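Report on the structure given below.
The values are calculated or read from the model by the stated rules, or taken from the named source; none is laboratory data. These numbers come from a predicted model, not from an experiment. Glycine also receives a Cβ, built like all others from the backbone with ideal geometry; neighbour counts cover every protein chain displayed.
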Amino acid sequence: MSKSIEFCKARAKNEEISCLFDRNWDDAGEVESLALFEKILEGKRKYKIKGEEDGEAREFTISLIFDPDADFDYFTSSSSIHDGTMVFVFENMENCAKRVILAETYYTKKGKPKPRDTIQYTIGNFVVLKEFDENRDLFAPKDKPYLQERTTVLLPLRYDLINGE
């Protein structure tokens, strides 16, 4: 067990900082994140992104480090209610990964990145919680009885900014 799962469980259980505290995080498991990022980015660990957000130019260099035992700042998450098909677990993992890849997540205490900054993300392993609602009284919609599983995926991150000029 790495620091990834320890960090995510502790932070997710803390109702002062997490909206996910109502779940039983003792049942969560850990899945290596490196393979998914390697597949999406074709092995790249450093790359540039350009674009526009709210009329402002976005131009960042992204640097990725993979370390499941890092000292993390926060996690990004994705959750869905579904029929138990594994594709939804992978979809939640991809949602978390895309936020990092596209620099759509940052640690507010360290500040929002500015154009030409380098964002260094240290990425831990995915933490996956699968819950079943057989009685359809917790989260399964009454009109869709086949949606009896809720999957929540957390991805722990360390966020460091290197200011560009």
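Determine whether ASP71 is at pLDDT 95 or above and farther than 17 Å from MET93 by Cβ.
Here the answer is yes, as ASP71 does meet what is asked.
Which condition number does THR105 fail, the rest of (1) part of a loop (DSSP other than H, G, I, E, B); (2) more than 20 Å from THR151 (Cβ to Cβ) being met?
Among (1) part of a loop (DSSP other than H, G, I, E, B); (2) more than 20 Å from THR151 (Cβ to Cβ), THR105 violates only (2).
Among the residues of segment 55-71, is any touching a strand residue (DSSP E or B) at 6+ places or on another chain (Cβ under 7 Å) and over 24 Å from ARG158 (Cβ atoms)?
Scanning segment 55-71, I find no residue that is touching a strand residue (DSSP E or B) at 6+ places or on another chain (Cβ under 7 Å) and over 24 Å from ARG158 (Cβ atoms), so the answer is no.
Let's see how each residue does on (1) among the basic types (Lys, Arg); (2) surrounded by 13 or more Cβ atoms within 10 Å (Cβ to Cβ); (3) part of a loop (DSSP other than H, G, I, E, B):
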site: LYS9; (1), (2), (3): yes, yes, no
site: ARG23; (1), (2), (3): yes, yes, yes
site: ALA35; (1), (2), (3): no, no, no
site: LYS39; (1), (2), (3): yes, no, no
site: LEU64; (1), (2), (3): no, yes, no
site: SER80; (1), (2), (3): no, yes, no
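Is it the case that segment 41-49 has a residue that's assigned to a loop (DSSP other than H, G, I, E, B), under 30 Å from ASP143 (Cα atoms) and among the basic types (Lys, Arg)?
Start the filter on segment 41-49 by keeping residues that are assigned to a loop (DSSP other than H, G, I, E, B), which leaves 42-45.
Add one more test, that the residue is under 30 Å from ASP143 (Cα atoms), and what stays is none.
Scanning segment 41-49, I find no residue that is assigned to a loop (DSSP other than H, G, I, E, B), under 30 Å from ASP143 (Cα atoms) and among the basic types (Lys, Arg), so the answer is no.
Can you name the residue in segment 95-153 that is more than 18 Å from the chain's Cα centre (by Cα), crowded, with 19+ Cβ neighbours inside 10 Å and within 25 Å of SER4 (Cβ to Cβ) and is also modelled with the highest pLDDT among such residues?
Filtering first and then ranking leaves PRO113.
Do we find that GLY84 is among the small types (Gly, Ala, Ser), farther than 27 Å from THR152 by Cβ, in contact (Cβ under 8 Å) with a residue 40 or more places away in the chain and in contact with a strand residue (DSSP E or B) (Cβ under 7 Å, 6 or more places away or on another chain) in this structure?
no
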